[in-house]
Structures are given as C-alpha cells and as structure tokens.
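The values are calculated or read from the model by the stated rules, or taken from the named source; none is laboratory data. What you are looking at is a predicted structure, and each value in this text was computed from that prediction instead of being measured. In this analysis, Cβ positions are derived from the backbone assuming ideal geometry, glycine residues included, and neighbour counts consider all displayed protein chains.
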Amino acid sequence: MEFDRATGQVVRARAIRAVSYDEAVAGLASLGVRTTTPDEWEWACGAGATTLFRWGDDCPGDGYPYDHRTGPHRRENLWGLAIGQDPYRHEATTERTVVCGGDGGGATCGGSGFFLGWLTLATAYRDEDFGRWFASDDGYADEILTRPVVELS
C-alpha cells in the first residue's frame with residue numbers, strides 16, 4: 001500500500017494474497033496509520049449532518065442504491081469524502097465486529113424493500129449480526145475496505 005502523507009490519501013493498494021483483518025490492521029500500523037473507530041467513521045461520514053443520511057432524511061423510493069448510478073449517495077460529502085455510497089462496500093473499523101457504510105448487501109439481497117436497502121447507508125447504521133458474522137471464521141469478503149487515520153498530536 002502506498003499512502004500520501006501530504007494529501008492524507010491512499011494512493012495505491014493491492015492485495016497480492018488473501019489477508020485477514022488482523023493482517024490488514026498491522027499493514028496500516030506499519031505505515032503509521034490506523035483504521036477509524038466506529039464513532040470516527042460515523043462523524044467522518046456525516047460531516048456534521050444531523051439527518052438520517054449524510055445528504056438529508058430522504059432517499060429514492062424506486063430502487064436500491066446500486067440501481068441509481070447518480071444521486072446524493074454517489075456525491076462526496078461536505079468534507080470531500082466518497083463514503084457510504086454502496087451497501088456492498090462496507091468498511092472495517094477498529095472494532096472487528098462493527099462495519100460501517102453497508103451490510104454486505106444483506107438488506108438488498110434479502111428483499112427487505114427499498115427503504116431498508118438505503119438505510120444501510122445511513123450515517124449511524126450498524127448491522128450487529130452482519131458484523132459478528134463478518135468477524136467470525138465463516139465470514140469473508142473479497143476486499144477489506146478501511147479509512148486510514150493519521151493520529152495528530
């Protein structure tokens with residue numbers, strides 16, 4: 001992984017082998033960064049918003065987030081972060097059983113209805129069952145997404 005300390009962004013990352021959560025966290029630490037806590041992720045996603053979603057309290061009622069290639073969920077938040085855009089692209093946090101920004105597509109694939117599919121993108125949404133499964137020996141993902149944090153002293 002290549003991290004640009006000047007801009008605070010990951011420039012390039014590529015997994016050449018399967019890695020565990022612990023290995024991913026250790027890789028971040030070797031670069032002098034860590035992943036967000038669940039509360040930090042929520043604050044970063046909402047960018048100070050006091051609404052259900054970072055863009056307001058409403059969502060489209062005619063499809064799931066992936067059905068809409070454009071819309072408020074595809075825009076950067078007020079702090080310029082592309083965050084909480086796709087329920088399939090959940091992000092790991094410092095708490096292994098807490099993922100944010102999605103539920104792996106469970107609500108969408110489960111046919112729970114459009115609103116519940118969108119709810120997984122709500123700033124404060126956390127699916128405890130999915131988080132426990134994801135952290136279990138049975139849990140898996142094609143990728144581990146995380147938001148690097150630089151500690152300021």
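Residues being farther than 24 Å from T50 by Cα and among the hydroxyl-bearing types (S, T, Y): count how many of those fall in segment 102-153. The number of residues fulfilling the criteria is 5.
Could you count how many residues in segment 4-57 are more than 30 Å from T70 (Cβ to Cβ) and in a strand (DSSP E or B)? Of the residues in that region, 1 qualify.
Filtered by the rule that a residue be touching a Pro at 6+ places or on another chain (Cβ under 8 Å), surrounded by fewer than 17 Cβ atoms within 10 Å (Cβ to Cβ) and of a type in the set (V, I, T), segment 62-108 gives a lone residue, T94.
Condition first: at pLDDT 95 or above and on the phi > 0 side of the Ramachandran plot. Now tell me which residues in segment 39-70 satisfy that. Answer for segment 39-70, where residues must be at pLDDT 95 or above and on the phi > 0 side of the Ramachandran plot: A47, G56. The residues of segment 61-98 that are among the polar types (S, T, N, Q) and over 29 Å from A135 (Cα atoms) amount to a single one, T70.
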